[in-house]
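Undergrad: This is the structure I want to talk about, given as structure tokens.
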């Protein structure tokens, strides 16, 4: 199919998700932003998209819940038309050994990083199949490629992201005959709000281990997503594109 004209980006009012929404809008894509509770941030993100000449809508929905994901897709479709591109960006993070992880924390990692992508993908697939094509891009993490503890001691998060990469490949295989491409990006250390409170010495240590010598920017992840979503990547499906400056080589 041609490059998508409508997109739903989960968790898109700040950080990487917002950068993805802005980048897609510059390509002329009508973007539906999603947030769980960030009302003012959603308004600011919509204003930024419109200031860049794009069109955007926002739907509040907690994508860690299956019913909310189904509602999100219904409302996004009503606002923007059939969803041609789904970007599963939501990904809560937890740094905690497994033996100290509570049931609630485990559920948040699995439902937030894996369940949300599954439920949203399941909701958009009927429309994409009926249209004869579509694109899904999952935002994974470097943690899906390395053993827990190599980046952070965040095993529940890493397990969920690893499963997300397997789901990416599985969907690429089963949905390819319907003209649907499914890929993922695997960001490493990206300069978002999450790193604002990091100890400067710890940041410097990690930068010294990255071959390119720096953390990435949200817009650099967004460029990778925009490429995978576009017709330039028409024969790419089931791929996981690392965006980590060569850290894990």
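The values are calculated or read from the model by the stated rules, or taken from the named source; none is laboratory data. Quantities reported herein were computed from a predicted structural model and do not represent experimental measurements. Counting neighbours? That spans all protein chains shown, and the Cβs are built from the backbone with ideal geometry, glycine included.
Undergrad: So which residues in the stretch 99-132 are touching a residue at least 60 places away in the same chain (Cβ under 8 Å), surrounded by 17 or more Cβ atoms within 10 Å (Cβ to Cβ) and more than 14 Å from residue 167 (Cα to Cα), if there are any at all?
TA: Within the stretch 99-132, just 124 meets the criteria.
Undergrad: What helices (runs of 4 or more DSSP H), lying completely within the stretch 135-249, carry at least 3 residues that are touching a helix residue (DSSP H, G or I) at 6+ places or on another chain (Cβ under 9 Å) and free of Cβ contacts under 8 Å to residues at least 60 places away in the same chain?
TA: The qualifying helices (runs of 4 or more DSSP H) are 155-175.
Undergrad: One residue is enough: does the stretch 60-72 have a residue meeting the conditions in a loop (DSSP other than H, G, I, E, B), surrounded by 15 or more Cβ atoms within 10 Å (Cβ to Cβ), touching a strand residue (DSSP E or B) at 6+ places or on another chain (Cβ under 8 Å) and modelled with pLDDT under 95?
TA: no
Undergrad: Determine if the stretch 216-237 includes at least one residue that is farther than 18 Å from residue 21 by Cβ and crowded, with 20+ Cβ neighbours inside 10 Å.
TA: yes
Undergrad: Based on what the data block shows, is residue 93 out of contact with any strand residue (DSSP E or B) (no Cβ under 7 Å at 6 or more places or on another chain) and at pLDDT below 95?
TA: Considered against the rule, which asks whether it is out of contact with any strand residue (DSSP E or B) (no Cβ under 7 Å at 6 or more places or on another chain) and at pLDDT below 95, residue 93 comes out as yes.
Undergrad: Would you please name the residue that is surrounded by the fewest Cβ atoms within 10 Å (Cβ to Cβ), looking only at residues in the stretch 37-59 that are out of contact with any strand residue (DSSP E or B) (no Cβ under 9 Å at 6 or more places or on another chain) and outside any helix (DSSP H, G or I)?
TA: Per the criteria, the residue is 53.
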